[in-house]
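Working notes for the structure below.
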Amino acid sequence: MKNLTLSVAFLLCSFVVFAQEEKKEPAYTDDDALFIREIYDQALTKGNAYDWLDYMTNNIGGRLAGSPQAAAAVEYTRQMMDTMGMEVTLQPCIVPHWVRGDKEQARVVNSKSMGTVELSILALGNSVGTDDFGLTAPVIEVKSLQEVMDLGIDGIKGKIVFYNRPMDATQIKTFHAYGGAVDQRVHGAAVAANYGAVGAIVRSMTLRTDDIPHTGSTIYNRLNKGVEPIPAVAISTMDADLLSKIIEKDKEVDLYFRTNCQMLKPEESYNVIGEIKGSEFPDEIILVGGHLDSWDVGTGAHDDGAGCVHAMDVYNVLKQLNYKPKRTIRVVMFMNEENGLAGALEYTKVSNQKKEYHLAAIESDRGGFSPRGFTMEAENEIFSVKSKKVIEWLPLLRPYGLELSKGGSGADISRLKSQKGLMLGLAPDSQRYFDYHHTPIDVWDAVNKRELQLGVAAMASMVYLIDKYGL
Ligand SMILES: [Zn+2]
């Protein structure tokens, strides 16, 4: 009987909720569908992202924080945003200045099975270099940081530790595979040094088997007190497989590598911030951004030139369509995402000091491939509230192949969620992103114009909806 009463009560409740939903205002109008169509038409035929990317990659080049190229990219994007009529400010931040120096060398030394074999490597960003003579030591292969800790000083001391756990090919979202392997690159050298290793060599973070090493930052913050940092490099996946085979056959193998990188003194650099004040709610900021710095070996086309030109073109396309934003639109080129996040930390600090409110922020930092949707994050207690409206817009976005899911937004913006807004990350198709990530082949040719411009349209449509309806 009690159960029956409960059931009836439940049914009544459901009916009330249902009836309320029936009366509710629709989340959008037919005009919105038409305007989003115009955004796509404009971005695909008159967008500027691809041309800007041409200049940033082919005329400026790789833009590692502290480099002259990074400074040139600050000036270039400042000018482009100024030309669009935005109020542009340069926000100073102090960035690390790491330089690679001459090309790295590595070889297996005089192995029993194969003799001397040259290996394809790149120094990891922020790594210390070897001395002028390079480093020769026995190599030991491991699959994880834990394995190094288990082997302890007896197993590790005096050796070069070779981290060889591949990215998990069964992951459908390749960023998950990256997340599952990248601890080896980020912390591998420091953990190995704690047990007396003299060098670290890490399998490149890619799902492809090829001869291209992938750089990326290593961090020494897990070094025990008094332990000196050791040189760290990435090895191509083909050479990682080869090295593993030689170790399996020969048991004892010596490795030589020489790197010429060093950390110079910190430099002043800038976030580039372009803004258009909202006409009705100027205190509600909608940020679109990417990071201006890139690795030095390619020209940072997908990572993250694409994200920078996406963000600038979002405003460009809306302006061409004579759209007048109700809320403040801010286009931000963050500095030093790759090896320090100095720009993001400064931006968040200043924004919090000014008691600003970012209603929403959208970062594009997953390449210039065909957009598949957005991932969203917010503080736990408000996520469902903040994402609800965006989910109601899905019928407007699905015709363009866009979906929504819960997930990280972007390294530069995610701290802004403490201001209680919604943080979104553009989610392009991720299958080929790690073919290029942090490599010499991340260049303009690797980006498809149409796919890049579709990303602009996806972000501009989201900005338009958030600006019109709020969250
Ligand atoms: Zn990036």
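The values are calculated or read from the model by the stated rules, or taken from the named source; none is laboratory data. Everything numeric in this text was worked out from a predicted model, so none of it was measured. Reconstructed Cβ throughout: ideal geometry from the backbone, glycine too, with neighbour counts over all protein chains shown. Heavy atoms of the whole protein, side chains included, go into the accessibility calculation; ligands, DNA and RNA do not. Shrake-Rupley method; radii C 1.70, N 1.55, O 1.52, S 1.80 Å.
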Scanning region 397-413 for residues that are open to solvent by 30 Å² or more (accessible area, probe 1.4 Å) and under 19 Å from Thr29 (Cα atoms), which turns out farthest from the ligand (Cβ to nearest atom)?
Pro399
Which members of region 109-135 meet the condition of being under 21 Å from Met238 (Cβ atoms), open to solvent by less than 60 Å² (accessible area, probe 1.4 Å) and out of contact with any helix residue (DSSP H, G or I) (no Cβ under 8 Å at 6 or more places or on another chain)?
Val109, Gly115, Leu122, Ala123
Looking at Ala378, is it closer than 15 Å to Ser414 by Cα, of a type outside the set (Asp, Glu), in contact (Cβ under 8 Å) with a residue 12 or more places away in the chain and in contact with a Pro (Cβ under 9 Å, 6 or more places away or on another chain)?
no
Determine whether region 164-187 contains at least one residue that is assigned to a strand (DSSP E or B), within 30 Å of Arg63 (Cβ to Cβ) and open to solvent by 30 Å² or more (accessible area, probe 1.4 Å).
no
Residues in region 295-317: is at least one touching a Phe, Trp or Tyr at 6+ places or on another chain (Cβ under 8 Å), more than 16 Å from the ligand (Cβ to nearest atom), over 22 Å from Phe434 (Cα atoms) and open to solvent by 10 Å² or more (accessible area, probe 1.4 Å)?
no
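Quick one: which residue in Lys386, Lys355 is over 30 Å from Tyr178 (Cβ atoms) and open to solvent by 10 Å² or more (accessible area, probe 1.4 Å)?
Values: Lys386 fails: over 30 Å from Tyr178 (Cβ atoms).
Within the list Lys386, Lys355, the selection yields Lys355.
Which one is most open to solvent (accessible area, probe 1.4 Å), of the residues in region 263-277 that are assigned to a strand (DSSP E or B) and of a type in the set (D, E, K, R)?
Step one: list which residues in region 263-277 are assigned to a strand (DSSP E or B), which gives 263-276.
From what's left, of a type in the set (D, E, K, R): 265, 267-268, 275.
Numbers: Lys265: 146, Glu267: 62, Glu268: 109, Glu275: 32 Å².
Top of the filtered list is Lys265.
Per-residue answers, yes or no, for (1) under 30 Å from Lys324 (Cβ atoms); (2) open to solvent by 60 Å² or more (accessible area, probe 1.4 Å); (3) within 25 Å of the chain's Cα centre (by Cα); (4) modelled with pLDDT under 95:
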residue: Ile60; (1), (2), (3), (4): no, no, yes, no
residue: Leu64; (1), (2), (3), (4): no, no, yes, no
residue: Val74; (1), (2), (3), (4): yes, no, yes, no
residue: Gln79; (1), (2), (3), (4): yes, yes, yes, no
residue: Asp82; (1), (2), (3), (4): yes, yes, no, no
residue: Leu90; (1), (2), (3), (4): yes, yes, yes, no
residue: Ile94; (1), (2), (3), (4): no, yes, yes, no
residue: Arg107; (1), (2), (3), (4): no, yes, no, no
Options Tyr220, Tyr195; residue that is hydroxyl-bearing (Ser, Thr, Tyr) and buried (at least 19 other Cβ atoms within 10 Å of the Cβ):
Tyr195
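Please go through region 101-144 and give me each residue that is assigned to a strand (DSSP E or B), farther than 12 Å from Asp250 by Cβ and hydroxyl-bearing (Ser, Thr, Tyr), ordered by number.
Of all residues in region 101-144, those assigned to a strand (DSSP E or B) come to 105-111, 115-118, 121-123, 125, 135-142.
Narrowing further to those that are farther than 12 Å from Asp250 by Cβ: 105-107, 116, 118, 121-123, 125, 135-137, 140, 142.
Those that are assigned to a strand (DSSP E or B), farther than 12 Å from Asp250 by Cβ and hydroxyl-bearing (Ser, Thr, Tyr): Thr116, Thr136.
For Asn336, state whether it is within 16 Å of the ligand (Cβ to nearest atom) and crowded, with 20+ Cβ neighbours inside 10 Å. Before you say what the answer is, go through the steps one by one.
On the way: within 16 Å of the ligand (Cβ to nearest atom): yes; crowded, with 20+ Cβ neighbours inside 10 Å: yes.
Spelling it out, Asn336 is indeed within 16 Å of the ligand (Cβ to nearest atom) and crowded, with 20+ Cβ neighbours inside 10 Å.
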Looking at region 1-49, which of its residues are among the aliphatic types (A, V, I, L, M) and modelled with pLDDT under 95?
Met1, Leu4, Leu6, Val8, Ala9, Leu11, Leu12, Val16, Val17, Ala19, Ala27
Scope region 379-417; condition among the aromatic types (Phe, Trp, Tyr), within 24 Å of the chain's Cα centre (by Cα) and under 17 Å from Val463 (Cα atoms); matching residues:
Tyr400
With respect to the numbered conditions (1) within 27 Å of the chain's Cα centre (by Cα); (2) over 17 Å from Ile121 (Cα atoms), which one is the sole condition not fulfilled by Asn224?
(1)
Subset of region 418-471 [under 17 Å from the mean Cα position of the chain (by Cα) and either on the phi > 0 side of the Ramachandran plot or aromatic (Phe, Trp, Tyr) (or both)]
Tyr433, Phe434, Tyr436, His438
Residue, nearest to the ligand (Cβ to nearest atom), within region 318-328, restricted to residues that are under 18 Å from Gly47 (Cα atoms) and not in a loop (DSSP other than H, G, I, E, B)
Leu318
Pull up region 223-262, narrow it to residues that are open to solvent by less than 20 Å² (accessible area, probe 1.4 Å) and of a type in the set (Gly, Ala, Ser), then point me to the one that is nearest to Lys112 (Cα to Cα).
Ala240
Matching entry among Ser405, Ser370, Ser387, Ser418 (being in contact (Cβ under 8 Å) with a residue 12 or more places away in the chain and within 25 Å of Gly300 (Cβ to Cβ)):
Ser370
